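The values are calculated or read from the model by the stated rules, or taken from the named source; none is laboratory data. Here the structure is a predicted model, which is why all the values come from computation and not from measurement. Heads up, the Cβs are rebuilt from the backbone with ideal geometry, glycines too, and the neighbour counts pull from every protein chain shown.
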Amino acid sequence: MSSPKMEEPAERGLIGNKYVLTIAILLLTITLINSWYLSQTQIVQGADFSITTVSGENYSLNSSRGKVVLINFMATSCPICRSEMTELRKVWDAYGEKVVMVSISVDPFSDTDDSLRNFASSFGANWIWARDVVGATADYRVSGTPTTFIIDQEGQVRYRHVGYTDASILIKDIEELVNRN
């Protein structure tokens, strides 16, 4: 008499079911793409903040109404931020004071006023520099550096770029806003 053939146990669970796994991955992908798309196109009012610059002056976002503002959240310890400085310098060279540029360190304990001044000077970056001691990083929901926001003349966030961003992209975004009026 032969022993009954034992069947292989069917794979069960979320990972075992190939169809469920495929659908889960597809839904996750759609959700991530949708989140990214909304973050790129959502127009929201830029959170006002008042901050002391490394030169000791006060700056507030509301004081720049009527101008396009580029806010770059960065840290001197961030290698990508250092690389991106040459791109920001190209934007500064293209627009100068026609556009307000503000670089804000998200690491105010390591990036002192002196270290930020030296960092800016090493790149010929003559725009506004400050340390975030007022919570602007949280207000703008910055989760990584560099993160750059471009705000229109009415104070609305029009563009958000996370990570290294080429000057040509920033200039295109700014040009669209400058030519709008």
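Between V100, V134, the distinction of being touching a residue at least 60 places away in the same chain (Cβ under 8 Å) and closer than 16 Å to I71 by Cβ belongs to V134 only.
Just to check your reading of the model, which residue among S77, S83, S63, S122 is surrounded by fewer than 20 Cβ atoms within 10 Å (Cβ to Cβ), more than 23 Å from I171 (Cα to Cα) and not acidic (D, E)?
Working: S83 fails: more than 23 Å from I171 (Cα to Cα); S63 fails: more than 23 Å from I171 (Cα to Cα); S122 fails: more than 23 Å from I171 (Cα to Cα).
Of the residues listed, the single one that is surrounded by fewer than 20 Cβ atoms within 10 Å (Cβ to Cβ), more than 23 Å from I171 (Cα to Cα) and not acidic (D, E) is S77.
Set side by side, the residues R160, R131 differ, and just one is over 20 Å from T76 (Cβ atoms), touching a Ser or Thr at 6+ places or on another chain (Cβ under 8 Å) and of a type in the set (D, E, K, R), which is R160.
The single condition among (1) free of Cβ contacts under 8 Å to residues at least 24 places away in the same chain; (2) of a type outside the set (V, I, T); (3) over 18 Å from T145 (Cα atoms) that R117 does not meet is (1). Of the numbered criteria (1) in contact with an Asp or Glu (Cβ under 7 Å, 6 or more places away or on another chain); (2) among the basic types (K, R); (3) at pLDDT below 95, the one R180 fails is (1).
Here T145 clears all of (1) within 16 Å of A75 (Cα to Cα); (2) of a type outside the set (K, R); (3) free of Cβ contacts under 8 Å to residues at least 24 places away in the same chain except the condition numbered (3).
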